[in-house]
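Student: Sharing a structure, written as C-alpha cells. Questions coming.
Any read-out appearing in this document is the output of simple, stated calculations on the displayed coordinates, not a laboratory observation. This structure is a prediction, so every number in the text was calculated from the model and none was measured. As a convention, Cβ positions derive from the backbone with ideal geometry for all residues, glycine included, and neighbour counts pool all protein chains shown.
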Amino acid sequence: MSHPLEALYRDIILDHYRSPRGVEPLASADVCSRGSNPSCGDELQVQLKIDDGKISQASISARGCAISVASSSMLTEVIEGMTLDEAVEFGENIRNMMHGKEIPEDFDLGDIDALKGVRKFPVRVKCAMLAWVATLEAIRKYRDGEATDSKIEITTE
Ligand code: ZN
C-alpha cells in the first residue's frame, strides 16, 4: 500500500466507512430489499423512495466490512435523482467495472473509482457489489409491483 494512488483510494474508502452517507432510514420508502454476503458476513438493507420514475431518496443501513459499508455509502450519494433506467444502467456499469469488463469511456465513477483496487481480490468484489445487487433487486421488485414488505434475502454470486 505504498503507492500514492492506493493510499488515496484507501483514504476515500475509509472516509465512507467511518462516516457513511445515506444511512438515515426513510420514513416512507416505496420499496426495500435486503442483501447478505455470507462469505464475508456483510448484511444490508436498501430503501428507495421513488417519485415520477426517479429515485428521490435512497438509504442503506449496512453492517459489515469497510468495503461493503463504503460501497453502500457511495451508492446512496450517486443514485439519488437518477431515473430507474439510469440507476439500472449505472449499476450494470459498476458490475462490469468490478468484473474487469469494459465500461463507457465517459462513465463518471466519482468516489466509486476508489473501489477499482478491489478487483484484484475476487472475494472482496462481492462486498463491493452487495449494495448494487440489492438496489437492482429493489428496482426490479418495484417494477414488478411486489409488496414492499416482502423483503427477501439475496446472496451475491
Ligand atoms: Zn465484506
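Student: Of the peptides 6-18, 87-99, how do they stack up when ordered by the mean number of other Cβ atoms within 10 Å, highest first? Mind showing how you got there, number by number?
Tutor: Numbers: 6-18: 15.7, 87-99: 18.2.
Highest to lowest by the protection proxy: 87-99, 6-18.
Student: List the relative contact order of region 3-144 as a percent without decimals, with contacts defined as Cα pairs under 8 Å and 6+ residues apart.
Tutor: The value is 29 percent.
Student: Using +1 on the beta carbon of Lys and Arg, -1 on that of Asp and Glu, and nothing else charged, what's the dipole of region 3-144 about the Cα centre, debye to 20?
Tutor: Around 720 debye, computed over region 3-144.
Student: Considering only 27, 122, 76, whose Cα is most displaced toward the positive end of the charge dipole of the chain, charges sitting on Cβ of Lys, Arg (+1) and Asp, Glu (-1)?
Tutor: Towards the positive end, the residue furthest out is 122.
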